[in-house]
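> The structure's right below; bear with me while I get my questions together.
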Amino acid sequence: TADVAVQSVRQTFNTFTALHRIDLEIAAGEFVVLLGPSGCGKTTLLSILGGFLTPTEGRVLIGGRDMTHVAPKDRPTTTMFQDYALFPHMSLRDNVAFGPRMRGSGRGDRNRRAEEMLALVGLADKAGRRPHELSGGQRQRVALARALAVDPDVLLLDEPLGALDLKLRRQMQEELKAIQRKVGTTFVHVTHDQEEAMAIADRIVVMNEGRIEDLGTPQKIYLEPRSLFSAGFMGEVNRIPVRPAGQGAESALGPLALTTDKPGTLCLRPENVGLKGSLALGPARLTDAAFFGTYHRCHFTPVAAPDMQIVAHLPLGDLPETGAEVALWGTNPMILEA
Ligand code: ADP
Ligand code: MG
């Protein structure tokens, strides 16, 4: 396992800047997720870590050594792509032993290694099978076993679960995290799915348009996002424009007991809006509600701003009648730059 440092990395393609000036430090053994919408530069950054792309500017250090100009095969990294092509004519054992074999490992050693890795991913009893005999999730596990068989210091994963259906994906996320904990390898994992990022990451790097927008533990980014983009990408959020007025703030809902020194956006997660709280949002009418098992998902229209809609997740048992007017409250208000 090794630490990774990205220093002032810029990547341009002709006149287009894909990465602006990325600085990022990843600790040895950390599970880091690069999260962001399609086209924000995740694959570009991962390719630079893996050596498939030499950055226009800047450096990449792995385990303290400058790897910027080192070829992929000479780096202590392995990259696992989404279309993890397994060799169809080979047994799982031979698929997983392939990397060690290329590195000159003898038959006995590499077969032992392959069986150890297949056991790690829960496929010890299938070493003699061929890939076509497996389910999608099992093939995914073989690809992981194959990537780990050469014992990389850093494993780079580009949307590895993207092809799986939702239920299997959630299950594989838990397995991936458990396996990472067991082997202790540094994982850098790319996804555009914020739930996946929250499920597996020690730290999330939120990217947008070639820049790092936010960085921290899942809790940190969810509860204290650094930007409006980060707040919205990590989960649903109600946005209410506010500006300073006297001791408090003014908004479309009327005056609010908030202190802000410049215009901004009050952000409230749906679970932080309800019939009690610390911040009075004024009277509002319940327009509709849906039962979601552990809460009611409700739409409210503020009396002072009939064009606005506020989403609230109310605890079970707390549901007013549709059409009723209630006093709406917020908790954990976040004020972010407009
Ligand atoms: P992501 O993986 O986050 O979806 P990418 O890193 O693949 O995004 O791409 C970031 C941006 O850089 C996109 O706008 C993409 O079109 C552009 N890009 C990526 N690779 C190249 C390339 N080889 N040549 C030109 N543009 C590229
Ligand atoms: Mg990509």
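None of the figures in this text is laboratory data; all of them are computed from the coordinates on show. Here the structure is a predicted model, which means the values were calculated and not measured. Note: ideal-geometry Cβ built from the backbone for every residue, glycine included; neighbour counts use all protein chains shown.
> Report the Stokes-Einstein translational diffusion coefficient (µm² s⁻¹, integer) for segment 187-285, Rh taken as the Kirkwood radius over Cα pairs, at 4 °C with viscosity 1.567 mPa s.
Estimated via Stokes-Einstein, D reaches 85 µm²/s.
> Taking all pairs of different Cα atoms in segment 296-338, averaging 1/r and flipping that mean, what Kirkwood radius in angstroms comes out?
That comes to 12.0 Å for segment 296-338.
> For segment 237-337, calculate the relative contact order in percent as a whole number, restricting contacts to Cα pairs under 8 Å that are 6 or more residues apart.
31
> Something else about it: Given the options Asp214, Asp125, Asp158, state which has the largest fluctuation in a GNM of the chain using a 10 Å cut-off (strictly under) for Cα springs.
Asp125
> Can you give the FRET efficiency to the nearest 0.05 for Ala5 and Arg112, using r as the Cβ-Cβ distance and R₀ = 45 Å?
Computed FRET efficiency for Ala5 and Arg112: 0.85.
> Ok, one more. Nearest 20 debye, what's the magnitude of the dipole of segment 237-337 about its Cα centre given +1 on Lys and Arg Cβ and -1 on Asp and Glu Cβ?
160
> Continuing with the same structure: Could you work out the helix-only [θ] at 222 nm for the chain, with each DSSP H run of four or more residues adding -39,500 (n - 2.57) and the total divided by the number of residues, to the nearest 500 deg cm²/dmol?
-7500 deg cm²/dmol
> So, one more: So if I take the centroid of the Cα atoms in segment 75-148 and the same for segment 286-312, what is the distance between those two points in Å?
Cα centres, segment 75-148 to segment 286-312: 50 Å.
> Same structure, new question: Going by alpha carbons, how many degrees (0 to 90, nearest 10) lie between the helix axis of 92-102 and the longest principal axis of the chain?
70
> Output ³J(HN,Hα) for segment 20-36: one whole-Hz value per residue in order, computed from phi by the Karplus curve 6.51 cos²θ - 1.76 cosθ + 1.60 with θ = phi - 60°, and x for Gly and Pro.
Each residue's phi maps through the Karplus curve to give 7, 6, 8, 10, 7, 10, 10, 7, 4, x, 7, 10, 10, 10, 8, 10, x Hz.
> Remind me, what semi-axes does segment 1-102 give for its equivalent ellipsoid, largest first in whole Å, using sqrt of 5 times each Cα gyration tensor eigenvalue?
27, 17, 13
> Give me the angle, in degrees from 0 to 90, between the Cα long axis of helix 136-149 and the longest principal axis of the Cα atoms of the chain, rounded to the nearest 10.
Tilt relative to the chain: about 60 degrees.
> At most 13 other C-beta atoms within 10 Å and a DSSP loop state: those are the exposed trypsin sites (Lys or Arg not before Pro) I care about. Give me the longest piece of the chain that has none.
The longest such stretch corresponds to 104-275.
> Over the Cα atoms of segment 237-337, compute the convex hull volume and normalise it per residue, giving Å³.
Spread over its residues, the Cα hull of segment 237-337 gives 83 Å³ apiece.
> Now for a different question. Treating the chain as a set of equal point scatterers at the Cα positions, no solvent, please give the Debye-formula log₁₀ I(q)/I(0) at q = 0.10, 0.11 Å⁻¹.
Those come out to -0.72, -0.81, one per q.
> While we're here: So what is the relative contact order for the chain, in percent, with contacts set as C-alpha pairs under 8 Å and at least six apart?
Relative contact order here is 16 percent.
> I want to check the label-to-label distance for His89 and Asp202. Put each point 7 Å from Cα in the C-beta direction and report it in nm to one decimal.
A separation of 4.2 nm, rounded to one decimal place.
> Output the 0 to 90 degree angle, nearest 10, between the alpha-carbon long axis of helix 107-120 and the longest principal axis computed from the alpha carbons of the chain.
20
> Expected output is a single nm value to one decimal: the length gained when fully extending between Asn332 and Thr287, i.e. 0.36 nm times separation in residues minus the C-alpha distance. What is it?
Going from the current span to full extension adds 13.8 nm.
> Could you pull out the GluC sites (Glu not before Pro) across segment 250-323 that fall in loop regions by DSSP (anything but H, G, I, E, B) with no more than 13 other Cβ atoms inside 10 Å?
The qualifying sites are Glu321.
> Now for a separate question. Could you work out how far apart the two model spin labels at Arg211 and Thr259 are, taking each label as a point 7 Å from the Cα in the direction of the beta carbon, and quote it in nm?
Result: 2.8 nm between the two label points.
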